[in-house]
Amino acid sequence: MSFVDLLFQPRLLLALLAFVLVSSLFALAELRLEPHYHQYPASAWIADHIFIPLAEVLALLAFLLLAYPVPYGLTTAPGMLELLSADGRITDLINLLFLLSLLLPLLPGLGRLPGVVLLVQALAATALLFHWLGQRLQLEVSLAPGWLALGLILIWAWVGQRLVRRLAPMQGEALTPGRILHWHLTGAVQLPAILIYGQSLGRQLG
């Protein structure tokens, strides 16, 4: 399956729609509740560092679980329920993404690059799901992308970040509809990088 074919797969478009809907629901809830909890420092900290990252994780999971196995360039594969049926796998996936959402912004410079944080989360989840797919097929698989794929991912991470800043610049820290639009675009522009990585992994399955 070519890269262009991947972009127009109905399953992928449905997954992208699910990402937008889930993240919109959480964003609207935050927009409504933020004036109430913002006046309490403890509540604001919990919302900023626990509830909001967890909501972003759930939106990302909705995309990945619905898109599978299209990001790997596959039309058929063992079902997602088969991959997640082993004890603790769902918890492991959520914990991985949640931990990354907490730790990555602490790295110098990444706190101001939410697109990069989201991209790393998406690539980590893509890698973990592919690892489980390899186990299900009883195959030894590598999670390292080729050099070309790695270069394209890095280039797109930079281009995508700049594109979002131009289309929906954020002004200040206040939660506004413009900031919500920025978050949605940040998630949407990661799609090509996820597909580049997923396709590089899927080629191992022939």
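Okay, here's what the table says:
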{"item": "Top-ranked residue of region 136-156 - restricted to ones that are in contact (Cβ under 8 Å) with a residue 24 or more places away in the chain and either in contact with a strand residue (DSSP E or B) (Cβ under 9 Å, 6 or more places away or on another chain) or assigned to a loop (DSSP other than H, G, I, E, B) (or both), ranked as surrounded by the most Cβ atoms within 10 Å (Cβ to Cβ)", "result": "Pro145"}
{"item": "Yes/no for Leu16 being touching a residue at least 24 places away in the same chain (Cβ under 8 Å) and closer than 18 Å to Ala59 by Cα", "result": "yes"}
{"item": "Some residue of region 107-128 being under 18 Å from the mean Cα position of the chain (by Cα) and of a type in the set (D, E, K, R)", "result": "yes"}
{"item": "Residue match in region 71-90 (condition: buried (at least 19 other Cβ atoms within 10 Å of the Cβ) and hydroxyl-bearing (Ser, Thr, Tyr))", "result": "yes"}
{"item": "Any hit, region 58-72, residues being over 28 Å from Leu205 (Cβ atoms) and either touching a helix residue (DSSP H, G or I) at 6+ places or on another chain (Cβ under 7 Å) or of a type in the set (Ser, Thr, Tyr) (or both)", "result": "yes"}
{"item": "Condition check for Pro71: in a helix (DSSP H, G or I) and not aromatic (Phe, Trp, Tyr)", "result": "yes"}
{"item": "Which listed residue is loosely packed, with under 14 Cβ neighbours inside 10 Å and under 30 Å from Pro69 (Cα atoms), from Leu6, Leu17, Leu54", "result": "Leu17"}
{"item": "Top-ranked residue in region 20-51 [being without any contact (Cβ under 8 Å) to a residue 60 or more places away in the chain and of a type in the set (Val, Ile, Thr); ranked as least open to solvent (accessible area, probe 1.4 Å)]", "result": "Val22"}
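The values are calculated or read from the model by the stated rules, or taken from the named source; none is laboratory data. The model shown is predicted, which means the values in this text are computed figures rather than measured ones. Because the Cβ atoms are built from the backbone with ideal geometry, glycine has one as well, and the counts that use them run over all protein chains shown. Heavy atoms of the whole protein, side chains included, go into the accessibility calculation; ligands, DNA and RNA do not. Shrake-Rupley method; radii C 1.70, N 1.55, O 1.52, S 1.80 Å.
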